[in-house]
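*Asks:* Supplied in C-alpha cells, the structure appears directly below.
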Amino acid sequence: MKKILLATTALVGFAGAAAAEVSISGSAVFGIGFSENGAANPFGSTDEAYAIFETYLTFKGTTQSDNGLEFGYSSTIAAYDTDGGLNDDGTSAYVSGAFGKLTFGSVNEASKVAGLPDIGGLSGLGVDNVAEALWAGASHNVNYKYSAGAFTVEASSSVGKGVDSNGVGVKYDTGTYYVGLGYADDTEATTVYAGGSFSGVNVKAMYSDSNTANQKAWGIYADYTTGALTLKAEYADNDIVTDAAFGIGASYDLGGGAALVGGIASVDDNTRAEMGVSFEF
Amino acid sequence: MKKILLATTALVGFAGAAAAEVSISGSAVFGIGFSENGAANPFGSTDEAYAIFETYLTFKGTTQSDNGLEFGYSSTIAAYDTDGGLNDDGTSAYVSGAFGKLTFGSVNEASKVAGLPDIGGLSGLGVDNVAEALWAGASHNVNYKYSAGAFTVEASSSVGKGVDSNGVGVKYDTGTYYVGLGYADDTEATTVYAGGSFSGVNVKAMYSDSNTANQKAWGIYADYTTGALTLKAEYADNDIVTDAAFGIGASYDLGGGAALVGGIASVDDNTRAEMGVSFEF
Amino acid sequence: MKKILLATTALVGFAGAAAAEVSISGSAVFGIGFSENGAANPFGSTDEAYAIFETYLTFKGTTQSDNGLEFGYSSTIAAYDTDGGLNDDGTSAYVSGAFGKLTFGSVNEASKVAGLPDIGGLSGLGVDNVAEALWAGASHNVNYKYSAGAFTVEASSSVGKGVDSNGVGVKYDTGTYYVGLGYADDTEATTVYAGGSFSGVNVKAMYSDSNTANQKAWGIYADYTTGALTLKAEYADNDIVTDAAFGIGASYDLGGGAALVGGIASVDDNTRAEMGVSFEF
C-alpha cells in the first residue's frame, strides 16, 4: 500500500488554488572511500578502504498570506551508515516578501558568501575545507537576506546563545561571474570570493584573513564540462596546516539525476580518494 | 526534482476508492523571546533576549477494515533550534468504531479534559502551566474514549511501566460552552473545567485539587476576536509558586494559515515576552 | 491544511513521464503483552503485563538513468512507546540493472537467506530468534544480489569497520517451495533453509551449524490459512539455551490491511504472550 507522489510538472495544474503545499525530495551517495593509514576512516577504524553511504530526505512546506508574504519550512533528515541513526541535517523556517527574506533555525552564516565545492562528490575529500578553515565561528540562528538585481546582501547572528557572533556578506552575481565579500566578527575574518563561467569552464576562488588568529586561508577550484563528463581540480592552503591540499575529481552524468562520481586528493599530506554514485529523487 | 503534494480539496475526488491514505501537514513558529535575567532562556545562557524557533511535521496514515473500523497512525517530528536534533513530538496509533476510540502510544491523559491555552503563541509564556501544575503524573500509554452526543468520557493508564497511574475524564460540550471533570489517581487530583463562547469572546477556566499533595491550582483565560485580531488574557495561581502568573497576548491573522503572534507575562515574578510569526502548511 | 496522498493505483496514470518518484507507506501494531516474571517487559519493569506499541513509516525514492539503471533509496522511521524517540529502522540505497542489485547502508547479511517468521505478530515472541541465534555476526554495509530464474545468489560484507566479516547465500525458489544455503565467515556458520506451500499450509525450516562456536541451532514453522484466519506454530532449539522454545499464534484478516493478531510461547522456559492489532497504510 505505498503512496506514490507525482513529479512536480504533473501536479502544478492541480495546485493552482491551494495556498499551502508540501514537497518531498531526496538524494543519496554511496561507494568506496580510501584514506591513507585510515586517517579519515569515518568508522574510526584503521581500515584504509571503507564503504561510503549518505542519504538526505528533504521536506518543504510553504504557505502564502493574504498580503503576499511567503512563509516556508525546510527540514532534511540525513542517514549515514557510520552512526545508524537519523540526523537533523538542517531545519529552518522563513518569511519572505518585498522586504527580503528572514530565516530562523539552521541558517547560513552571512559571511559564507560563496564557498568552494568538494571535488569528490560522495562524502567529500576535504580540500575545500582547508580554504574555508577561517570561516568557522559560532553557528548562527537568524539570517536576513535582501536581493536587488545582481546584488545580494546578507546579515546573520547568534541570538540568545550567550556568545557574541555576527556576520555580514555581499555578493554581486551576473549569472556569468560573481564577486563577494564576507565578514565574521567573532574571528574578525574577512573573506573575498570570485568566480565565473566561460566555454564550459567554471572557476571559483576565495581568500580569508582572520585578524584574531592572524592567519590566512585560500583556495581555487575549476571544472570543465564536455557532454556528460565534468572534470574538476582544486587547490587550497592555509596558515594552520603544514601541507597544501589539492586534488582532482570527475563526474559522469547518467541522466535522471544519477551520476558516477569520484576523486583523489592530498589533504594534510594524506592521500584520500572516493568513487561511487550519486542520485536525486 | 521535488514532489509537491496537492491540497486536500483537489485530491478527495481521486481518493474515493482507496481505503488507505497518508497525509502530511506541518507548522512552525519563529521570533524573539525575552526572559528577565535569562531565567527561561532555552539555550541555557543568561541572555535576556533569544531567538525562538520550533517546527512540527506531522504524518498521518489511516485505513478502514471491511467491517468499518478505522485504524490510524499519527507521528510528529519536531525540531527546535535549541537542541539541533529531530524529536518525537508524539506518535500514536488507534482503532475507532461504534465502540469508541482506543489509542496506544503517546496518548492524552484522560484527566486532562480541557487545559488552558498559552497566550504567547510561539514557544509559550507558561501562565497556563501554573494552572495545570497538579495535572502532572506518570505519562500514560493507553487511552480509551467514547462520545455520545455532547458527552465524552475518557480513561487512560500507564500499562507495564512499573507505576500505578490511571485517569478518567468526562466532558459535556455543546459547541457553545463546555464543562468537564477529570481525576488522576496517582496524585489523587480532581480538576473541574468550564468554558464558553459568546459575541466573539471565549472564556476557559480550570480548578485542580490534589489530595496527595494537599495543593490547589487554578487559572482563567479569555480571548476576544474582532476581524483578524485576537486579544488574550490569562491569570493562574497555585499553592506551589510564590507569585501568581498573569499575562496578555495577541495574534493577527494574515490569512493562509499565517499569523503575527506575541504576548507578555509575569511568571514566578519574572517578566517573559515573545513576539514573532506562526504558520501552517 | 493536511495534504492527502493518493493511493498507488490512482497515480500511476500521471506518473508515466516522470523518472523520479517518492512513496510513503507505513504500518503499526499495538496491543497487550505478557511476560512471565516480567522477564521480557520492554519497559524494564517487573510488570508481567505491558502495552505494546510499534510504528513504522517508510519513505522510498527511485530514479532511472538514461541507460536503464534503477537507483533507489529506502528509509524507515520507527517509534516505540518504550523509548519515546524516533529510530532509524533501516536506511539503504541501491543501484540495480542487468548486472544485479548493489545495496549500501543497512543491508541484509547474505547468509540470512530465509529466516523464520515470528508467531506473535506484534513486537514478537522470539521463538524464531532461538533458531536464528547462530546467524549473528557483524552487521554488513554492502550487499550484492543476482537473480536468474528461480536462483538468487547474494554476497555481503562489512567494509571499513575494522572487522573481517563476509557472507554468501544462495536460494532456489519456485514460488511453491524453496531451498537455500548461507555461510557467514566470521562465525564459520553454515545454514540450510527449506520451505514450501501446499493446500493452505506453509512450512519453513532452518538449521545452522557454527564451526567457531561448535554450536547448532534449528527451527521449524508452519501456518495454515482458511478464509480470513491463519493459525501458526513454531518450534526452535539451539545449543546455547537450556530449554527449547515453542509457541502458537493466530491472525484474523480484517481487510484493508488490518488484522487481529496474537500468540503464546515458551521461550527460555518463560511464558510469553501478546495480542492486539496490526495495520498498514
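*Asks:* Given a Förster distance of 25 angstrom, what is the FRET efficiency for residue A:243 paired with residue A:46, based on the Cβ-Cβ distance and rounded to 0.05?
*Replies:* Taking R0 as 25 Å, the efficiency between residue A:243 and residue A:46 is 0.75.
*Asks:* I would also like to ask the following. Are any of the pairs C:60/C:101; B:60/C:145; B:101/C:60 more than 28 Å apart by Cα-Cα distance, and if so, which?
*Replies:* Over 28 Å apart, Cα to Cα: B:60/C:145; B:101/C:60.
*Asks:* Every other copy gets compared here: list the nm distances from the residue B:216 label point (7 Å along Cα to Cβ) to its counterparts, shortest first, one decimal.
*Replies:* The projected label point of residue B:216 is separated from its counterparts by 7.5, 7.6 nm.
*Asks:* Let me ask something else. Summarise the partner chain shielding of A:97-105 as one whole number: the mean count of Cβ atoms from other chains within 10 Å of each residue's Cβ.
*Replies:* Neighbouring Cβ atoms belonging to other protein chains average 3 per residue here.
*Asks:* With all distinct Cα pairs included, what does the Kirkwood hydrodynamic radius of region A:170-273 come out to in Å, to one decimal, could you say?
*Replies:* 15.5 Å
*Asks:* Right, something else. Please give the average number of partner chain Cβ atoms lying within 10 Å of the Cβ of each residue in C:106-114, rounded to a whole number.
*Replies:* 1
*Asks:* Using only Cα atoms, what Kirkwood radius does the protein assembly as shown have, in angstroms?
*Replies:* Mean inverse Cα-Cα distance, inverted, gives 30.1 Å.
*Asks:* A follow-up question, please. What is the sum of charges around residue C:120, taking Lys and Arg as +1, Asp and Glu as -1, for the other residues whose C-beta is under 14 Å from the C-beta of residue C:120?
*Replies:* Neighbourhood net charge equals -4.
*Asks:* Right, something else. Could you work out the mean count of beta carbons from other protein chains within 10 Å of each residue's beta carbon in B:74-87? Write down the numbers at each step before the final one.
*Replies:* Numbers: counts 2, 8, 1, 10, 3, 10, 3, 13, 3, 1, 7, 7, 13, 4.
Neighbouring Cβ atoms belonging to other protein chains average 6 per residue here.
*Asks:* Taking each label point as 7 Å beyond Cα in the direction of the beta carbon, state the distances from residue C:146 to the same residue in the other copies, shortest first, in nm.
*Replies:* 6.3, 6.3
*Asks:* Treating the point 7 Å from Cα along Cα-beta-carbon as the label, what are the nm separations from residue B:162 to the other copies, to one decimal?
*Replies:* Result, one decimal in nm: 3.3, 3.3.
*Asks:* Could you please rank B:139, B:111, B:158, placing first whichever residue has the fewest other Cβ atoms within 10 Å of its Cβ?
*Replies:* Fewest to most other Cβ atoms nearby, the residues stand as B:139, B:158, B:111.
*Asks:* May I pose another question? Convex hull volume of the Cα atoms in region C:49-147, per residue, in Å³?
*Replies:* Here the figure is 128 Å³ per residue.
*Asks:* Quick one: net charge of residue C:258's neighbours, Cβ under 11 Å, K/R +1, D/E -1? List each step's numbers first, then the result.
*Replies:* On the way: positive: none; negative: B:66, B:70, C:253, C:280.
Counting the neighbours of residue C:258, the net charge comes to -4.
*Asks:* Shifting gears a bit: Kindly provide the chymotrypsin sites (Phe, Trp or Tyr not before Pro) of region B:79-145 that DSSP labels as loop, not H, G, I, E or B, and whose Cβ sees at most 11 other Cβ atoms within 10 Å.
*Replies:* Qualifying residues, ordered by number: B:99.
*Asks:* Taking just the alpha-carbon atoms of chain B, what radius of gyration and Dmax come out, in angstrom?
*Replies:* Considering chain B through its Cα atoms, Rg and Dmax are 20.3, 60 Å.
*Asks:* Looking at chain B as a GNM with Cα springs under 10 Å, which of B:186, B:66, B:89 has the largest mean-square fluctuation?
*Replies:* Comparing B:186, B:66, B:89 in a Gaussian network model of chain B, the most mobile one is B:66.
*Asks:* While we're here: Taking chain A as a Gaussian network, where each spring joins two C-alpha atoms under 10 Å apart, which residue of A:44, A:180, A:126 fluctuates the most?
*Replies:* In this elastic network of chain A, the residue with the biggest mean-square fluctuation among A:44, A:180, A:126 is A:44.
*Asks:* Is region C:116-248 rounded, prolate or oblate when judged by the Cα gyration tensor, a ≥ b ≥ c being the square roots of its eigenvalues, rounded requiring a/c under 1.5 and prolate requiring a/b larger than b/c? Mind dumping the intermediate values first?
*Replies:* Numbers: a/c = 2.09, a/b = 1.33, b/c = 1.58.
Note, shape of region C:116-248 comes out oblate.
*Asks:* If you add up the charges near residue B:162, with Lys and Arg at +1 and Asp and Glu at -1, over every other residue whose beta carbon is less than 12 angstrom from its beta carbon, what do you get?
*Replies:* Taking every Cβ under 12 Å from that of residue B:162, the sum is -2.
FYI, it's all coordinate maths here, none of it is from the lab. Just so you know, these numbers come straight off a predicted model, no measurement behind them. Neighbour counts are summed over all protein chains in view; Cβ atoms, including those assigned to glycine, are modelled from backbone coordinates with ideal geometry.
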